[in-house]
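Engineer: Okay, handing you the structure first.
The values are calculated or read from the model by the stated rules, or taken from the named source; none is laboratory data. What you are looking at is a predicted structure, and each value in this text was computed from that prediction instead of being measured. Virtual Cβ from ideal backbone geometry, glycine too; neighbours counted across all protein chains shown. Quick note on the areas: whole protein, heavy atoms, side chains included, nothing else; ligands and nucleic acids left out. Shrake-Rupley method; radii C 1.70, N 1.55, O 1.52, S 1.80 Å.
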Amino acid sequence: MRLRTAARVILVGAPGVGKGTQSERLLQRFPQLSSISSGDLLRYNIRQRTPLGIKVESTIKAGKLVSDDLILRLIRNELNQRGWLLTRHTSDNVMTLSSSAIDLDSPPQHGSPNDAEMAAFLSSPAHARGGHGGHSLNEDPSASFLLDGFPRTATQAERLDEIVPINLAVSIRTPLQVIMDRIGGRWVHEASGRVYNTTFNAPKVPGRDDVTGEELVRRSDDSEEVYRERWKKFQETSEPLLEHYARKGVLWEVDGMSSDEITPKLLSKFEERFA
Ligand code: G5P
Ligand code: MG
């Protein structure tokens with residue numbers, strides 16, 4: 001299905017609630033959409049042994065949140081690589097989507113190192129895919145995207161507003177016990193980020209990725225102890241985050257005991273809002 005207007009959407013929800021699962025399904029239904037998962041990007045940097053990856057590895061393993069500054073550098077770089085960064089032209093007060101390099105005029109406290117510094121610090125899978133190319137229309141549907149797992153704090157949300165305003169914040173809600181039961185069954189294909197579950201969407205061959213046949217692994221932060229820490233962090237940070245988007249009038253909450261129950265509601269919302 002085609003989008004008629006630009007969707008700039010974030011998915012918020014507890015660890016394991018199904019943000020990645022819903023992203024995949026939305027991308028299948030709406031081919032103009034692309035997605036960025038902050039967790040996948042961080043794990044990519046860990047695998048590439050970039051300075052950023054090395055810096056965040058122990059934080060992620062412990063189930064804690066990466067600092068707002070680091071995550072903002074990562075996401076800002078990714079948005080820029082894909083040409084989705086909005087730049088405010090104060091002279092004519094027009095918002096344009098820009099594919100230009102990270103804004104060198106920004107004050108350093110806003111974390112805007114140049115491209116060379118960025119490349120030395122972190123690695124982006126978008127380099128391989130190529131960017132979006134830049135757009136002059138704010139509502140161009142081909143500049144539609146989903147952010148999965150970012151922003152996670154009110155500070156991250158405020159900083160994101162400065163570079164690209166979000167027009168739908170989806171809060172996915174499923175009870176903790178239901179999610180806990182799934183986490184033990186999660187297996188991932190590290191290179192692509194494809195996610196499986198032994199009881200929900202099992203791989204065709206146990207322990208092997210459906211596409212490449214490569215070995216599946218457990219995520220290092222999926223042990224019960226670390227999962228509880230991640231849940232705790234989510235409880236601490238989600239309320240102010242959701243309040244931020246409620247104040248902006250873009251918050252939409254969806255409940256369900258399973259991803260299959262949530263998907264049709266989410267697809268309807270997208271159709272009603274963007275298609
Ligand atoms: P991530 O990678 O963003 P989380 O903790 O937010 O990690 P996670 O674990 O990736 O979220 P998800 O994407 O919400 O979960 O869920 P999923 O992968 O789709 O589904 C979970 C499992 O359940 C899968 O096996 C899936 O197949 C299965 N499943 C889905 N639906 C159903 C169902 O209906 N039934 C059943 N039975 N199974 C189902 O972040 C990781 C870390 O990175 C850092 C933090 O350290 C974080 O802990 N980080 C950030 N730090 C600061 N700021 C940020 N913005 C950060 N972003 C990431
Ligand atoms: Mg995920």
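Engineer: Given LYS19/LYS233; LYS64/LYS269; LYS55/LYS232; LYS204/LYS269, which pairs have Cα atoms separated by over 26 Å?
Structural biologist: LYS64/LYS269; LYS204/LYS269
Engineer: Round to a whole angstrom and tell me the spacing of the C-alpha centers of segment 177-222 and segment 1-20.
Structural biologist: 21 Å
Engineer: So if each residue of separation counts as 0.36 nm, and I subtract the Cα-Cα distance between ARG29 and ASP161, what length gain in nm does that give?
Structural biologist: That works out to 44.8 nm of additional length.
Engineer: How do ARG2, ARG43, ARG230, ARG208 stack up against each other in accessible area, from largest to smallest, with a 1.4 angstrom probe?
Structural biologist: ARG2, ARG208, ARG43, ARG230
Engineer: Out of the total accessible area of segment 1-75 (probe 1.4 Å, heavy atoms of protein only), what percent is carbon and sulfur?
Structural biologist: About 49 percent, which is the carbon plus sulfur part of the accessible surface.
Engineer: Another question about this same structure. What is the spin-label model distance, in nm, from ASP210 to ARG247 if the labels are put 7 Å beyond Cα along the C-beta direction?
Structural biologist: 4.2 nm
Engineer: Another question about this same structure. Between LEU168 and residues 5 or more places away or on another chain, which pairs have amide H atoms under 5 Å apart, with H built 1.01 Å from N, and which residues are they?
Structural biologist: HN-HN under 5 Å from LEU168: ARG8, ILE10.
Engineer: Going from most exposed to least, what order do THR198, THR59, THR155 have by accessible area with a 1.4 Å probe?
Structural biologist: Ranked from most to least accessible, the order is THR198, THR155, THR59.
Engineer: Hey, can you grab everything whose amide H is under 5 Å from the amide H of ASN197? Only 5+ residues off in sequence or another chain; H modelled, so Pro and N-termini drop out.
Structural biologist: TRP187, ALA202
Engineer: Taking a probe of 1.4 angstrom, what is the accessible area of PHE234 in Å², to the nearest 10?
Structural biologist: Approximately 40 Å² of PHE234 is accessible to the 1.4 Å probe.
Engineer: If you stretched the chain out fully between ARG47 and ARG2, how much longer would it get, using 0.36 nm times the residue separation minus the C-alpha to C-alpha distance?
Structural biologist: Extra length available between ARG47 and ARG2 comes to 12.7 nm.
Engineer: Counting only protein heavy atoms, what percent of the accessible surface of segment 158-238 is carbon or sulfur at a 1.4 Å probe?
Structural biologist: Percent of accessible area from carbon and sulfur atoms in segment 158-238: 51.
Engineer: Then there's this: Roll a 1.4 Å probe over the protein chains and send me the accessible area per residue for segment 117-256 in Å².
Structural biologist: About 50 Å² of surface per residue is accessible.
Engineer: Taking K and R as +1 and D and E as -1, what net charge do the other residues with C-beta under 12 Å from the C-beta of GLY39 add up to?
Structural biologist: Overall, the nearby charge balance is +1.
Engineer: Please give me the summed charge of the neighbours of ASN167: other residues whose Cβ is under 11 Å from its Cβ, Lys and Arg +1, Asp and Glu -1.
Structural biologist: +2
Engineer: What's the FRET efficiency of ALA119 with MET257 using the Cβ-Cβ distance as r and R₀ = 45 Å, to the nearest 0.05?
Structural biologist: 0.55
Engineer: ASP181 to THR59: extension gain in nm, 0.36 nm per residue of separation minus the Cα-Cα distance?
Structural biologist: Taking 0.36 nm per residue and subtracting the Cα distance, the gain is 41.5 nm.
Engineer: Heads up, I need the accessible area for MET257: 1.4 angstrom probe, whole protein in place, Å², nearest 10.
Structural biologist: About 110 Å², rounded to the nearest 10.
Engineer: Counting only residues 5 or more places away or on other chains, whose amide H sits under 5 Å from the amide H of LEU33 once H atoms are built in the peptide plane?
Structural biologist: Long-range HN contacts for LEU33: none found.
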